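Encoded as structure tokens, the structure appears first; notes follow it.
The values are calculated or read from the model by the stated rules, or taken from the named source; none is laboratory data. Computed from a predicted model, the values in this text were never measured in an experiment. Every residue, glycine among them, receives a Cβ derived from its backbone with ideal geometry; neighbour counts consider all protein chains shown.
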Amino acid sequence: MTKKVFVVGSTGRVATELIKDLVKADIDVKAGARHPERVVKNEHVEAVKIDLHDSVENIAKLMQGMDAVYFVAGSRGRDLLQTDAMGAVKVMQAAEKDGIKRFIMLSSLYALEPEKWEEVLSIIPSSETRDEFTNYNIAKFFADTYLVSNTNLDYTILQPSNLSEEAGTGRISINDQRKSSSNPIADVAQTLADILNYDNTIHQVILMSSGDEPIDEALASI
Ligand SMILES: NC(=O)c1ccc[n+]([C@@H]2O[C@H](COP(=O)([O-])OP(=O)(O)OC[C@H]3O[C@@H](n4cnc5c(N)ncnc54)[C@H](OP(=O)(O)O)[C@@H]3O)[C@@H](O)[C@H]2O)c1
């Protein structure tokens, strides 16, 4: 039977590529977005309205019957508490309410390791101030920690560093941040899509950057 997945944040840069990759893999997508009319159009994509300020009950109603949930939303620093932090938690609670086990989370590098945030500060875009970056990390730390410690979900957390709009290479590096500090969005999206095929990624936090290994081989090796 065709798998059905829910994507939260479906008009985003990563989400738009992710949805195309999922459809290519014969997966039906229910695409949750604040502006559903802006979701990429495809016969296997049903766009629905979701706002992360909504209640857990309303979010759960939208996600009923799905095989997996992707959280790829984010507020670009404008609404960290209600979107990146509590919004993510509410989606996790809604998934559990619906009996959906598989949960794939787009996070950011070292979100669960505050002692390494100084290291990342050296490679972030200069437009971001130290406080903005730390506030963002705190929101992601809160969401990732809740997922790992307070849910029974079959989660995978993907933590890339800087997203870039360069062309994807189909090759990545996993759990080794020495090679590169950037990630083409296309590669992040393809990695997220492929994670669904690899049950060995369940209960794993995966650090990624661009690299030399084909995405499938990198995931299979976890
Ligand atoms: N930028 C980086 O270098 C970087 C690095 C590592 C990880 N990440 C993570 O990757 C995520 C996705 O990146 P991206 O570039 O694809 O982000 P993006 O283009 O800004 O997309 C974010 C999506 O979240 C949605 N959203 C925001 N607030 C919402 C709310 N209250 N309710 C529902 N949807 C909401 C946005 O919808 P609207 O269009 O309606 O605003 C948009 O669809 C980021 O949020 C971040 O957590 C980013």
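Scanning segment 208-222 for residues being hydroxyl-bearing (Ser, Thr, Tyr) and surrounded by 14 or more Cβ atoms within 10 Å (Cβ to Cβ) gives a total of 2. The residues on offer are 85, 143, 95, 139, and the sole one that is under 18 Å from residue 5 (Cβ atoms) and assigned to a helix (DSSP H, G or I) is 95.
Mind checking which pairs have a first residue in segment 110-123 that is modelled with pLDDT of 85 or more and a second that is assigned to a loop (DSSP other than H, G, I, E, B) and surrounded by 14 or more Cβ atoms within 10 Å (Cβ to Cβ), Cβ under 7 Å, 6 or more apart or different chains? As it stands, the answer is 116/110; 117/110, since those pairs meet every condition given. Counting just the residues of segment 177-189 that are surrounded by fewer than 23 Cβ atoms within 10 Å (Cβ to Cβ) and of a type in the set (S, T, N, Q), which one comes out modelled with the highest pLDDT? The residue in question is 182. Scanning segment 1-38 for residues that are among the hydroxyl-bearing types (Ser, Thr, Tyr) and in a helix (DSSP H, G or I) returns a single hit, 16.
With respect to being of a type in the set (D, E, K, R), within 14 Å of the ligand (Cβ to nearest atom), over 25 Å from residue 148 (Cβ atoms) and assigned to a loop (DSSP other than H, G, I, E, B), residue 51 fits the description.
Residues of segment 161-168 include at least one that is away from the ligand (no atom under 13 Å from the Cβ), over 29 Å from residue 57 (Cα atoms) and surrounded by 16 or more Cβ atoms within 10 Å (Cβ to Cβ).
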